[in-house]
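Before any comments, here is the structure.
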Amino acid sequence: PDGYFDRAQRLINLSTTLWRRYEIHGELSDLDYSLQINKTALQLLRTSDPGRLPALRTLSVALWKLFGIRGDLSYLKELIALNEEALQLIPEGHPECLYWVANSAEAKFIYHQTDPTGAQLDESIVLYQQALNLCNPGHPGRPAALLQLVQALLFRFERQG
């Protein structure tokens with residue numbers, strides 16, 4: 001109910017359950033409802049609330065999925081803004097920093113591929129470099145981070161020389 005002290009967390013749990021049901025049954029209405037509920041939960045959380053980061057992560061997964069299904073750039077724009085918020089919340093050395101930096105880089109890179117008028121390509125390259133820097137030699141994510149950086153640099157070279 002409205003005003004319940006743990007309402008945001010309950011909504012996040014419901015959103016996650018709807019996501020799982022979507023994965024099993026493939027009903028887009030579950031994914032849409034999950035997105036809507038998660039946004040409501042975020043509105044209830046203060047920007048400094050530690051529960052905000054898991055809610056942002058759940059929302060980011062849903063936005064990626066919906067963008068992949070529908071190809072609607074508004075999902076990608078929302079994802080970019082969400083990633084920026086998450087990166088502001090995460091202190092240096094946070095275990096999820098790599099996830100959010102790489103997620104932000106990928107969203108900006110894909111956005112640039114669909115709308116090459118902005119600065120997203122250069123921003124994505126900077127973020128890919130940051131992601132690589134977060135992966136020490138031997139880190140399981142280092143090869144992927146290096147590959148993504150090289151692909152973005154090659155893409156820029158092919159377009160700009």
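Only one of the numbered conditions (1) part of a helix (DSSP H, G or I); (2) under 16 Å from Arg7 (Cβ atoms) is violated by Asp49, and that is (1). Within the range 122-133, residues that are without any contact (Cβ under 8 Å) to a residue 40 or more places away in the chain and open to solvent by less than 20 Å² (accessible area, probe 1.4 Å) sit with their Cβ atoms under 8 Å from residues that are in a helix (DSSP H, G or I) and of a type in the set (Asp, Glu), at 6+ positions apart or across chains, in these pairs: Ser124/Glu106.
Please work out if Ala102 is open to solvent by 20 Å² or more (accessible area, probe 1.4 Å), part of a helix (DSSP H, G or I) and out of contact with any Ser or Thr (no Cβ under 6 Å at 6 or more places or on another chain). Please lay out each step first, then the result.
Working: open to solvent by 20 Å² or more (accessible area, probe 1.4 Å): yes; part of a helix (DSSP H, G or I): yes; out of contact with any Ser or Thr (no Cβ under 6 Å at 6 or more places or on another chain): yes.
For Ala102, the condition - open to solvent by 20 Å² or more (accessible area, probe 1.4 Å), part of a helix (DSSP H, G or I) and out of contact with any Ser or Thr (no Cβ under 6 Å at 6 or more places or on another chain) - is met.
Only residues that are open to solvent by less than 50 Å² (accessible area, probe 1.4 Å) and acidic (Asp, Glu) were counted in the range 16-41, giving 1.
One residue stands out among those in the range 134-147 that are open to solvent by 60 Å² or more (accessible area, probe 1.4 Å) and assigned to a helix (DSSP H, G or I): the one that is farthest from Pro91 (Cα to Cα), which is Leu147.
Of all residues in the range 60-83, those that are polar (S, T, N, Q) and closer than 17 Å to Ala102 by Cβ total 2. Pairs meeting the criteria (first residue in the range 148-161 and more than 17 Å from Ala107 (Cα to Cα) and part of a helix (DSSP H, G or I), second residue open to solvent by 70 Å² or more (accessible area, probe 1.4 Å) and of a type outside the set (Lys, Arg), beta carbons under 8 Å, at least 6 apart or on different chains) are Arg159/Pro116. Restricting Thr114, Thr58 to residues that are within 30 Å of Leu31 (Cα to Cα) and surrounded by 15 or more Cβ atoms within 10 Å (Cβ to Cβ) narrows the list to Thr58.
For the range 42-53, which residues satisfy the criterion of being out of contact with any Lys or Arg (no Cβ under 9 Å at 6 or more places or on another chain) and open to solvent by less than 30 Å² (accessible area, probe 1.4 Å)?
Of all residues in the range 42-53, those out of contact with any Lys or Arg (no Cβ under 9 Å at 6 or more places or on another chain) come to 43, 47-51, 53.
Within the range 42-53, Gly51, Leu53 meet the criteria.
Do we have any residue at all in the range 70-93 that's assigned to a loop (DSSP other than H, G, I, E, B), out of contact with any strand residue (DSSP E or B) (no Cβ under 9 Å at 6 or more places or on another chain) and more than 28 Å from Ser124 (Cα to Cα)? Looking through the range 70-93, none of the residues is assigned to a loop (DSSP other than H, G, I, E, B), out of contact with any strand residue (DSSP E or B) (no Cβ under 9 Å at 6 or more places or on another chain) and more than 28 Å from Ser124 (Cα to Cα). Taking Lys39, is it among the charged types (D, E, K, R), within 23 Å of Phe109 (Cβ to Cβ) and part of a helix (DSSP H, G or I)? Criteria not met by Lys39. Gln88 falls short on exactly one of the conditions (1) open to solvent by 70 Å² or more (accessible area, probe 1.4 Å); (2) touching a residue at least 40 places away in the same chain (Cβ under 8 Å), and that condition is (2).
The values are calculated or read from the model by the stated rules, or taken from the named source; none is laboratory data. Quick caveat, the model's predicted, so the values are computed rather than measured. As a convention, Cβ positions derive from the backbone with ideal geometry for all residues, glycine included, and neighbour counts pool all protein chains shown. These area figures cover heavy atoms from the full protein model, side chains too; ligands, DNA and RNA do not enter into them. Shrake-Rupley method; radii C 1.70, N 1.55, O 1.52, S 1.80 Å.
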